[in-house]
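Working notes, structure below.
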Amino acid sequence: MARPAGNHALARKKGFSQIQIATDDLILAEDLDLCRALERSGLNTVYLRFNGVTPAPYEVVRGRDVFPQKLQARENFRRAHMTSTVLVPTLVRKVNDHQVGDIVRFASKNLDTVKGVNFQPISFSGRIEAGSRAAQRITIPDLLILLKEQTAGEVSREDFYPIPFVVPFSRLLGARQGSTELAFTIHPCCGAATYIFSYNDHLIPITRFVDVDGLYELIKNEAENYDGTLLGQLKLKERMLRELPKFVDESRAPDDLNLTRMHLGGIS
């Protein structure tokens, strides 16, 4: 059982900047020692199949209830101090599309181990009857509509941007730290993403208190012009001190969040 952990440690030594496993997590639910070994190995992320917050979606696929094992895996992750899990629901119409909002809220209540949700609309391959495809098919725009409906408007499609939108942020951070940061450069039509804060049982997208478009232009310009010198670092910090507050409306942000201070802490 230690082999996966050994592979991750080897990948870390080889210089890979992002190491993750894609798993159904049933073995991890049964083996706390394996979870601890994976954490020690340098694993970054557990990319976890998670189709719903009730037994029904799992019974459709497996013919049995494995949801209790999903919850046990969460407990094992906590005990092993595995803090970066991404929930990956395969979304199918009339199977689990009614649980979109509940899955996001589940993630928001388990932030000590869960750092994101990656909804993947079902992909059809091979032969399938046209009627079955039409009945089960769901698209990314469909997902965004469901999110708005099932979160009572707390999250809407206007809060989302194409995933490559964050590339300048990754490049600036990597240049500043002298490291290779993960940059999602997929085709912009392949997906959409946002950041959401959980505060007092409410979901607050970052777009509600940050001028995301304006901040993007600032970071993009800084990433393109940053030279990595000590003088460049000082100039970067000075510009961020001056410019960043212009894009943040802290009166609308969660009370315990100071985005300006958080960002400046990363470039001190």
Point to revise | Residue satisfying condition, being under 19 Å from T207 (Cα atoms), assigned to a loop (DSSP other than H, G, I, E, B) and under 18 Å from the mean Cα position of the chain (by Cα), within set V166, V155 | key: V155
**Study point:** Pairs with Cβ under 8 Å, 6+ apart, first in the range 216-231 and on the phi < 0 side of the Ramachandran plot, second modelled with pLDDT of 85 or more and among the acidic types (D, E)
**Key:** L218/E243
Review point. Just checking, how many residues over the range 18-62 are touching a residue at least 24 places away in the same chain (Cβ under 8 Å), under 30 Å from K94 (Cα atoms) and among the hydroxyl-bearing types (S, T, Y)?
Key: 4
Review point. How many of the residues in the range 111-155 are farther than 14 Å from R93 by Cα and either among the β-branched types (V, I, T) or surrounded by fewer than 17 Cβ atoms within 10 Å (Cβ to Cβ) (or both)?
Key: 19
Point to revise | Subset of the range 164-212 (residues that are within 20 Å of Q18 (Cα to Cα) and basic (K, R)) | key: R171, R176
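Mind checking which residues of the range 193-251 are aromatic (F, W, Y) and outside any helix (DSSP H, G or I)? Before the answer, list the steps.
If we filter the range 193-251 for residues that are aromatic (F, W, Y), which is where we start, we get 195, 197, 199, 209, 216, 226, 247.
Within the range 193-251, Y195, F197, Y199, F209, Y226 meet the criteria.
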Point to revise | Failed item, numbered, when A175 is tested on (1) outside any loop (DSSP other than H, G, I, E, B); (2) at pLDDT 90 or above | key: (2)
Practice item. Could you check how many residues of the range 232-260 are loosely packed, with under 10 Cβ neighbours inside 10 Å and either modelled with pLDDT under 80 or among the aromatic types (F, W, Y) (or both)? Key: 2
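The values are calculated or read from the model by the stated rules, or taken from the named source; none is laboratory data. Just so it is clear, the structure is predicted and the values come from calculations on it, not from any experiment. Glycine also receives a Cβ, built like all others from the backbone with ideal geometry; neighbour counts cover every protein chain displayed.
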